Amino acid sequence: MLGTAASAATIPTTTAHAANNIRRTFHTNPFNSLSSSHHSILCARFRCLSLRSFTAVSNKAMSHPQTLDAPHPQSSAAGNKQALISLSDKKDLALLGNGLHELGYTIVSTGGTASALENAGVSVTKVEQLTCFPEMVLDGRVKTLHPNIHGGILARRDQKHHMEALNKHGIGTFDVVVVNLYPFYDKVTSTGGIAFDDGIENIDIGGPAMIRAAAKNHKDVLVVVDSQDYPALLEFLKGSQDDQQFRRKLAWKAFEHVASYDSAVSEWLWKQTVGDKFPPSLTVPLSLKSSLRYGENPHQKAAFYVDKSLSEVNAGGIATAIQHHGKEMSYNNYLDADAAWNCVSEFRNPTCVVVKHTNPCGVASRDDILEAYRLAVKADPVSAFGGIVAFNIEVDEALAKEIREFRSPTDGETRMFYEIVVAPKYTEKGLEILRGKSKTLRILEAKKNEKGKLSLRQVGGGWLAQDSDDLTPEDIQFNVVSKKKPQDNELCDAEFAWLCVKHVKSNAIVIAKDNCMLGMGSGQPNRLESLRIALRKAGDEVKGAALASDAFFPFAWKDAVEEACESGIGVIAEPGGSIRDGDAVDCCNKYGVSLLLTNVRHFKH
């Protein structure tokens, strides 16, 4: 960094005369006689040259004997092209600096960026040479907040009075501004967190100001915030044709960059102050991960975005899953994989879940994951074909072979086909075997979703926000309200069915026994029809099984509760809350069925 003036005694008298001349200007030309564009510039120039400023600078100069060079303003209008570069992330900086230098640009830079450019052999004009102000005053907080910087960025080249003001005050224009911001996002999401004061210090002020200024004046100033755009920038500058669409795209990216940055600051500050999950206003920063072939249907265009909120950092989920193999993910693939992964991640024991159209059609938990896989497919092999299969433990060689070779229980011949396999990890051999099953099979490696996430869902013109449904059987009480109390194994079956039913679309019924789903009914307008579908799928195995309902039964006699009891169900788990709960109790007592009320509903729409 350049030093400050040597001492008050060494200040040239001509400089003092200049300060006095500016003072006389203030007296002879009151503010109300100056244009508004001249006010701020003249004030800044006066501050730069005032004796008071020189006195402050000279006091500091005792330990910094070098002198601060006088400003050397450049002007694009005079044929001199200037680029302003100030970067926290200095990736490919040498490429950029050398490229601009070869194109004849004078590079103005700050602090560490200037040093990095000089180390790369690029000539640099330091920003303090333009501002007449030591860069590290106030710890560098105001080094670029100066009319000699922002005037050169914001001046419109097609406005005569703008250019006259710059020429009058010796301010050069900037043609290119390349800036990225303090790593606030990385700092506040680092392992162990960050102290509040440290977080505040990592909020960038000068950077966003320069980016916004350049983006606003993009007709005359090219603004770049992403190192991936350096090659395109240099190619554009080599050409002879101006492309306003290119400029607008860079300006859009710049404003988006700042908006995402501000969103992170806002989210972090809100949590440091109030902490409520539902703030008065909410910004969700989304980053495009991929363009999709189409949406739910071929005539619908679609894309996939990753949520860059601070709360989602290292929080798991399908959005951040690693795809090891297969075709690109589709819109429906993401929905189905998310449903399968959310369901299987709920279980503590080794578990396999098979999903079709976001509904689990097979679920089984066993110490032997091979057996769990077979049972999950057996629950509904017709639906399982072409579905998504998920595991909550590592897929090794043995499991991969079983997935590859397993034949459909419907005929014992047809090899099972799946769209996606998702698991927390794979062995090398397991991956190799699965890759050999099909060129199109998508193999995903995902991290379990953290609890306590905010769940968002769009409706026309708005969004619904709620806590995620994180309750598990360990979080609730299964209250026995019938005369017959369930055996331990029946209670375990009820808890398993209850955990499954929370992932089934309402109206939802799940029948399960021995940690295995036997049948489920989903998405029906009435609970009775969902029950009948579940009973039909369960078949003869329904005898002594557990039944879970996502919501209460509005009727019991000659309705769902009585049909379930007549089919041989051994225990029923439901939330309760109906005005006819007494009928459900009486019905279960008549048939000798255990009835458990959970007081927790699991609607899923």
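General observations
- Members of the range 313-371 that are in contact (Cβ under 8 Å) with a residue 40 or more places away in the chain and of a type in the set (Gly, Ala, Ser): 315, 316, 317, 321, 326, 337, 339, 340, 345, 362, 364, 365
- Among the candidates 400, 364, residue that is assigned to a strand (DSSP E or B), open to solvent by less than 40 Å² (accessible area, probe 1.4 Å) and touching a helix residue (DSSP H, G or I) at 6+ places or on another chain (Cβ under 6 Å): 364
- Count of the range 541-593 residues which are under 23 Å from residue 504 (Cα atoms), open to solvent by 30 Å² or more (accessible area, probe 1.4 Å) and either of a type in the set (A, V, I, L, M, F, W, C) or not in a helix (DSSP H, G or I) (or both): 7
Here is a yes/no grid of residues against (1) more than 22 Å from residue 215 (Cα to Cα); (2) hydrophobic (A, V, I, L, M, F, W, C); (3) surrounded by fewer than 17 Cβ atoms within 10 Å (Cβ to Cβ):
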position	(1), (2), (3)
125	yes, no, no
138	yes, yes, yes
157	no, no, yes
168	yes, no, yes
172	no, no, no
175	no, no, no
178	no, yes, no
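- Failed item, numbered, when residue 538 is tested on (1) outside any helix (DSSP H, G or I); (2) open to solvent by less than 20 Å² (accessible area, probe 1.4 Å): (1)
- Any chance residue 266 is closer than 30 Å to residue 342 by Cβ and either in contact (Cβ under 8 Å) with a residue 40 or more places away in the chain or surrounded by 18 or more Cβ atoms within 10 Å (Cβ to Cβ) (or both): no
- Candidates 501, 459, filtered to the one that is aliphatic (A, V, I, L, M) and without any contact (Cβ under 8 Å) to a residue 60 or more places away in the chain: 459
- Listed by first and then second residue, the pairs linking a residue in the range 409-424 that is more than 23 Å from residue 393 (Cβ to Cβ) and touching a residue at least 40 places away in the same chain (Cβ under 8 Å) to a residue that is open to solvent by less than 60 Å² (accessible area, probe 1.4 Å) and among the charged types (D, E, K, R), with Cβ atoms under 9 Å apart and 6 or more places separating them unless they lie on different chains, form an empty list.
- Cross-chain or 6+ apart pairs with Cβ under 8 Å, the range 137-158 first and on the phi > 0 side of the Ramachandran plot, then in a helix (DSSP H, G or I): 140/111
- Only residues that are surrounded by fewer than 17 Cβ atoms within 10 Å (Cβ to Cβ) and at pLDDT below 90 were counted in the range 77-118, giving 4.
- Matching option when the condition is of a type in the set (D, E, K, R), closer than 21 Å to residue 523 by Cα, more than 26 Å from the chain's Cα centre (by Cα) and open to solvent by 40 Å² or more (accessible area, probe 1.4 Å), among 356, 378: 356
- So residue 348, is it open to solvent by 50 Å² or more (accessible area, probe 1.4 Å) and not in a helix (DSSP H, G or I): yes
- Matching residues, the range 399-450, being under 21 Å from residue 346 (Cβ atoms) and among the small types (Gly, Ala, Ser): 423, 446
The values are calculated or read from the model by the stated rules, or taken from the named source; none is laboratory data. Note that this is a predicted model, so its numbers are computed, not measured. Every residue, glycine among them, receives a Cβ derived from its backbone with ideal geometry; neighbour counts consider all protein chains shown. Areas reflect the complete protein model, heavy atoms only, side chains present, ligands, DNA and RNA absent. Shrake-Rupley method; radii C 1.70, N 1.55, O 1.52, S 1.80 Å.
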